Amino acid sequence: MSGSRKLRGSAAPGRGPGALRVGLVVDGGPETSRVVGALTAEGIDVRRLSAPEVDGLRPGELDVLVVAGQDPAARNGSLAPLVDHLATTSVVLVWPSPRRAAVEAALEAGARGVVAAEEVERTVGPTVVAAAAGQVAVPADCVRPEARPLLSAREKQVLAMVVLGFSNLDIANRLFIAETTVKSHLSSVYRKLGVSSRQEATALILADGGLGLGILTLERAPA
C-alpha cells in the first residue's frame, strides 16, 4: 500500500462513477433494491455489506459507504465512531424525511451526504459521486438559510422558556395563557426553525447562541 494518505472524502483523480468503490449497509431503512437500483442506474457498482462486515472494513477500503436506516445515526452517537473507523471513506446517509437539525448533527459528526429516502432514485447517485469528490450534498430544504427565522415576541418568549426547561403547563401558567396556545406557538416555532421537537429546538438554540434572536434572554411579550 502506498504511504501517501488520501484526504477524507476525496476520490482518486480521474476516477469516474464506475470506478468508485461503494458499499451499502441497510438497517431497517429503504429496501436494498431501491438504493442499489438507483446507484446502478448511475453506473455505480455497489458492494452490499452486513453490519459485521462494515465493522471489519479497513480504513480507505471503500470510497463511499452508504448507510440506510430508520433512525438518524447522529442522534445515538454511532455515526462519529463509524466515520473515524472508516477514515478516508466518505459516509452518505439515507433517511426517511430527514430534518434540518438531524442533518446538521450528521454533518458535524462527519457525514458527507444525506439523502431523503423518498428521493433516493433521483438523488443517491449524484450524492455519492459528490461525496467521493470531497463535496458535501444534503437536501436543499435541510440547509439553514442565512436569513434569521422571524419569530413573534410571544414565540421568542415561549421558546426561551422551553430552552430553560419549563413544561407547556408551566409556560401557560407563567404567561397566563392557555396550554393549547402554548402548543400552537411551539408548532409555529418548530416549523420556522425546521425542527420537530422541543429537544431539537433547544439543541439548535444552545448550539447557535440563540440564533441572534435574543432567545436566551426572557423578554416581556405583549399579552
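The values are calculated or read from the model by the stated rules, or taken from the named source; none is laboratory data. Note that this is a predicted model, so its numbers are computed, not measured. Backbone-built Cβ (ideal geometry, glycine too); neighbour counts: all protein chains shown. Ligands, DNA and RNA are excluded from the accessible area calculation, which covers all protein heavy atoms including side chains. Shrake-Rupley method; radii C 1.70, N 1.55, O 1.52, S 1.80 Å.
Collect the residues in the range 14-33 that are at pLDDT 90 or above and either touching a Pro at 6+ places or on another chain (Cβ under 9 Å) or assigned to a helix (DSSP H, G or I) (or both), keeping them in residue-number order.
Those that are at pLDDT 90 or above and either touching a Pro at 6+ places or on another chain (Cβ under 9 Å) or assigned to a helix (DSSP H, G or I) (or both): none in the range 14-33.
Take the residues of the range 89-112 that are more than 18 Å from Val54 (Cα to Cα) and small (Gly, Ala, Ser): which is most open to solvent (accessible area, probe 1.4 Å)?
Residue satisfying both the conditions and the ranking: Ser97.
Looking at the structure I just gave you, is Gly165 modelled with pLDDT under 95, closer than 20 Å to Val22 by Cβ and not aromatic (Phe, Trp, Tyr)?
no
For the range 117-194, list the helices (runs of 4 or more DSSP H) that sit wholly inside it and hold at least 2 residues that are open to solvent by 50 Å² or more (accessible area, probe 1.4 Å); which are they?
Counting at least 2 such residues, we get 120-132, 168-175, 179-193.
Please give the number of the condition Val67 fails out of (1) closer than 22 Å to Val129 by Cα; (2) open to solvent by 20 Å² or more (accessible area, probe 1.4 Å); (3) at pLDDT below 85; (4) of a type in the set (A, V, I, L, M, F, W, C).
(3)
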